[in-house]
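Scroll down for the structure; my scribbles are underneath it.
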């Protein structure tokens, strides 16, 4: 039996060469609220953090551009960069998934842009860890207690 539970979608991350067009569409046209920014030279990302919905049911939409488009990771390619999933126990999830052969990206569990503990399932498997996101980067995000209560 799985010792953790995926609770729901936490975020969708969309990349582009420039955030201006993304912001125009997601904020000006669709009306999402801009609730923050995040910039990391190490992760080559400059992003606006948008939100739709309220409370535990809110979903984050991160619009991202590269700090340097010639460097990796290339947050703008593919355009749908990754999806984030709320998980009730990130440590148990990583331990169990790793034991099943799931490949994670380097970096381990760390604080993400939203302040939650996060880790990423690699989009490609390898010989040692063949299970993966099959082309999709998947972020596991530790859900806070109010989200766990609301979505369990």
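Values quoted throughout were computed directly from the atomic coordinates according to the rules given, and no laboratory measurement underlies them. Everything numeric in this text was worked out from a predicted model, so none of it was measured. Neighbour counts are summed over all protein chains in view; Cβ atoms, including those assigned to glycine, are modelled from backbone coordinates with ideal geometry.
Taking neighbour Cβ counts within 10 Å as the exposure measure, how do 120, 104 sort from fewest upward? Walk me through the intermediate numbers first.
On the way: 120 21, 104 18.
In order of increasing Cβ crowding within 10 Å: 104, 120.
Which residues among the stretch 8-50 fall inside the zone where the amide N is under 16 Å from a point 7 Å beyond the Cα of residue 111, along Cα→Cβ?
37-43
Within the stretch 14-31, find all residues whose amide N lies under 20 Å from a label point positioned 7 Å from the Cα of residue 39 along Cα-to-beta-carbon.
Of the residues in the stretch 14-31, 14-24 have backbone N under 20 Å from the label point off residue 39.
Could I have the simple spin-label model distance between residue 92 and residue 21, label points 7 Å from Cα toward Cβ, reported in nm to one decimal?
4.4 nm
Could you let me know the centre-to-centre spacing of the stretch 90-148 and the stretch 1-39, using Cα atoms, in angstrom?
The distance from the Cα centre of the stretch 90-148 to that of the stretch 1-39 comes to 18 Å.
Which of the three applies to the chain, rounded, prolate or oblate, going by the alpha-carbon gyration tensor with a ≥ b ≥ c and a/c under 1.5 meaning rounded? Mind showing how you got there, number by number?
Values: a/c = 2.17, a/b = 1.24, b/c = 1.75.
Judged from the Cα gyration tensor, the chain comes out oblate (a/c at least 1.5, b/c at or above a/b).
Taking 0.36 nm per intervening residue step and subtracting the Cα-Cα distance, what contour gain separates residue 124 from residue 99 on full extension?
On the way: separation 25, 0.36 × 25 = 9.00 nm, distance 1.69 nm.
Extra length from residue 124 to residue 99 when fully extended: 7.3 nm.
Taking the chain as a Gaussian network, Cα atoms linked when under 10 Å apart, which of 16, 135, 107 shows the biggest mean-square fluctuation?
Maximum among the listed residues: 107.
Gaussian network model of the chain, Cα springs within a sub-10 Å range: biggest mean-square fluctuation belongs to which of 17, 95, 127?
So, out of 17, 95, 127, the one fluctuating most is 127.
Specify the residue with the greatest mean-square fluctuation among 45, 29, 118, computed from a Gaussian network of the chain linking alpha-carbon atoms under 10 Å apart.
29
Mean separation of Cα pairs under 8 Å and 6+ residues apart, divided by the residue count of the chain: what relative contact order is that in percent?
Working: 325 pairs, mean separation 38.1, N = 152.
Here the relative contact order equals 25 percent.
So for 80, 97, fewest C-beta neighbours within 10 Å to most, what's the order?
Details: 80 11, 97 20.
In increasing order of surrounding Cβ atoms, one gets 80, 97.
Please give the FRET efficiency for residue 146 paired with residue 30, using the beta carbon to beta carbon distance and R0 = 25 Å, rounded to the nearest 0.05. If you can, show how the numbers build up before the last one.
Working: r = 26 Å, r/R0 = 1.03.
Plugging the Cβ-Cβ distance into 1/(1 + (r/R0)^6) gives 0.45.
What length, rounded to one decimal in nm, is gained on full extension from residue 134 through to residue 1, with 0.36 nm per residue of separation minus their alpha-carbon distance?
Values: separation 133, 0.36 × 133 = 47.88 nm, distance 2.31 nm.
Separation in residues times 0.36 nm, less the Cα-Cα distance, equals 45.6 nm.
Which value at 222 nm does the chain reach when only helices count, each DSSP H run of 4 or more adding -39,500 (n - 2.57), with the total divided by all residues and rounded to the nearest 500 deg cm²/dmol?
Numbers: 3 runs with 22 residues, N = 152.
The per-residue figure over the chain is -3500 deg cm²/dmol.
Looking only at the stretch 77-116, which residues have a backbone nitrogen under 18 Å from a spot 7 Å from the Cα of residue 71 in the C-beta direction?
Those under the cut-off are 77, 106-107, 113.
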